[in-house]
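The values are calculated or read from the model by the stated rules, or taken from the named source; none is laboratory data. Treat the numbers as computed from the prediction; the structure is a model and nothing was measured. Cβ placement follows ideal geometry from the backbone for every residue including glycine, while neighbour counts extend to all protein chains displayed. These area figures cover heavy atoms from the full protein model, side chains too; ligands, DNA and RNA do not enter into them. Shrake-Rupley method; radii C 1.70, N 1.55, O 1.52, S 1.80 Å.
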Amino acid sequence: MSSDEVFVITGAAGGMGLACARMLASQGQLLLIDVGDEQLRAVSTTLRVDGARVDIQTCDVTRAEDVAAVAEKAQSMGPFRALVHTAGVSPEMASGRRVLDVDLRGSVRMTDAVLPLAQPGSSAVLIGSIAGYSDVDPEVELLLDEPLVETFFDDVEAALGRPLDGQNAYVLAKRGVVRLVERLSKPWGERGARTVAIAPGLIDTPMGRLELDRQPIMPTMIEFTPIKRPQQPLPGRPEDIAAAARFLVSDEAGFISGCEIRVDGGLVGAGKHMVGLG
C-alpha cells in the first residue's frame, strides 16, 4: 500500500465515517465527503493536527453531479485505493423514498462513479445493516437491482402493495446494498479490485441513539446482543466498524469480495436460535 493512494470516505463527519477516517489516516491521502461543509472543515482540521493528509468535498449522494465531482477530485489527487461509503440516513431521519434514494441509490451512484478509477488492490466498502436480513418479498427484491430507473419508487410501492415508509425502505435499501456488492464483484474483479459490505449491529453513534430513543424494539435487541458493553447506551462502537473497514481495504483481505461481513456482536447469529427475536 502506497502512502500516495487515495481513500474516499463518505459520511466522514458522522460517527462511523469519522472513525474510519481516523483509522485510515496513516494509510494514505484522505478525501472526506459529507453534505455539510462546516462539519467537514472541522473534522479535517482535527485530522490535520494529528498529521493526516486530508482534502474535503461536499456532496449530496442523491445528486449525480455531486457524485461525479467526487470521482473527479479523487482522480486528481492520486491513485485510487478505496471507497469507504458510510453516508446514509436511518428510518427515523427521512421519508421512505428519501431513505432509498440516499442509502441504496446513493451507493449505486458512488460505486458507478469511482469504478473507472479502480485498479489492482482497490476496493469499495459499503455499509449495509443487520436490517437487511429481514424477510423481503422476492418480487420486490429483484427491483433493488435497478434502483436508478425512473419508475423505481413507484415500482417498489406497487410490488409492496403499500406506500414506502422509513422502516421498510431501510430494510430494502440495506438488502439492495448486499445485492450491489455481490453484483459488482465481477466488474470490479476485472480490474483487480473488490467490493464488500459491512453489516453493523447496534452501534453507539448519534444515528444509533436516535433509533434507540424512538424504536421500541431496540432495548430487546440490546438484550439479545451477546457482546455486552454496559458502559455505553448501545453495545457497538464506531471503531468496531472502522477496524473492519481498515482490514477490508488492506492487502490481507485480497480474496474477500462480493459479500457482506456482519459486525454485530453476534446479534443475528444468536437471534436465529432464540425465541422472541424476529
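With no solvent and one point per C-alpha, what does the Debye sum give as log10 I(q)/I(0) for region 1-157 at q = 0.09, 0.15, 0.19 Å⁻¹?
Taken in order of the listed q values, log10 I(q)/I(0) reads -0.30, -0.79, -1.17.
How much solvent-accessible surface does R191 expose, in Å² to the nearest 10, with a 1.4 Å probe and all protein chains in place?
It works out to around 100 Å².
For the chain, calculate the relative contact order in percent as a whole number, restricting contacts to Cα pairs under 8 Å that are 6 or more residues apart.
Values: 536 pairs, mean separation 55.4, N = 278.
Relative CO of the chain lands at 20 percent.
Using a 1.4 angstrom probe and counting only protein chains, how large is the accessible area of S26 in Å², to 10?
S26 has an accessible surface of roughly 100 Å² with all protein chains in place.
If I take every Cα pair under 8 Å that is 6 or more residues apart in region 1-51, average their sequence separation and divide by the length, what percent do I get for the relative contact order? Mind dumping the intermediate values first?
Working: 65 pairs, mean separation 19.8, N = 51.
Worked out over region 1-51, it gives 39 percent.
If the viscosity is 0.692 mPa s and the temperature 37 °C, what translational diffusion coefficient in µm²/s does Stokes-Einstein give for the chain when Rh comes from Kirkwood over Cα pairs? Could the numbers behind the result be given before it?
Working: Rh = 18.8 Å.
Result for D is 174 µm²/s.
Looking at the calculated P(r) for region 173-244, what percent of the C-alpha pair distances fall above 21 Å? Could the numbers behind the result be given before it?
On the way: 1065 of 2556 pairs.
Pairs farther apart than 21 Å: 42 percent.
What percentages, rounded to whole numbers, describe P(r) for region 113-248 computed over all alpha carbon pairs with 5 Å bin width beginning at zero?
The calculated distribution, bin by bin, is 2, 9, 16, 18, 16, 16, 13, 8, 3, 0.
Taking square-rooted eigenvalues a ≥ b ≥ c of the alpha carbon gyration tensor, is region 35-98 rounded, prolate or oblate, where a/c under 1.5 means rounded and, failing that, a/b exceeding b/c means prolate?
It is oblate, given that a/c is not under 1.5 and a/b is not larger than b/c.
Rounded to the nearest 10 Å², what accessible area does K186 have for a 1.4 Å probe in the complete protein model?
130 Å²
Keeping all protein chains in place, calculate the accessible area per residue for region 1-81 (probe 1.4 angstrom), answer in Å².
Values: 3520 Å² over 81 residues.
Averaged over the residues of region 1-81, the accessible area is 43 Å².
Report, to the nearest whole %, how much of the accessible area of the chain belongs to carbon and sulfur atoms, 1.4 Å probe, protein only.
On the way: 6410 of 12320 Å².
Whole-percent figure for carbon plus sulfur exposure: 52.
Determine the sum of side-chain charges near G269: Lys and Arg each +1, Asp and Glu each -1, restricted to other residues whose C-beta is under 15 angstrom from that of G269.
Working: positive: R262, K272; negative: E260, D264.
Every neighbour counted, the sum reads 0.
Around V99, what is the net charge, scoring Lys/Arg as +1 and Asp/Glu as -1 over all other residues with Cβ under 11 Å from its Cβ? List each step's numbers first, then the result.
Values: positive: R97, R98, R105, K174; negative: E92, D101, D103, D165.
So the environment of V99 carries a net charge of 0.
Any lysines with Cα under 21 Å of the K228 Cα? List them, leaving off those in the same chain fewer than 8 positions away.
Within the straight-line limit of under 21 Å, K228 reaches these lysines: K272.
Let me check something: with ligands and nucleic acids excluded, how do M221, M207, M93, M110 order by accessible area (1.4 Å probe), largest to smallest? Present the calculation step by step, with values, prior to reporting the outcome.
Values: M221 35, M207 65, M93 95, M110 0 Å².
Per-residue accessible area, sorted high to low, gives M93, M207, M221, M110.
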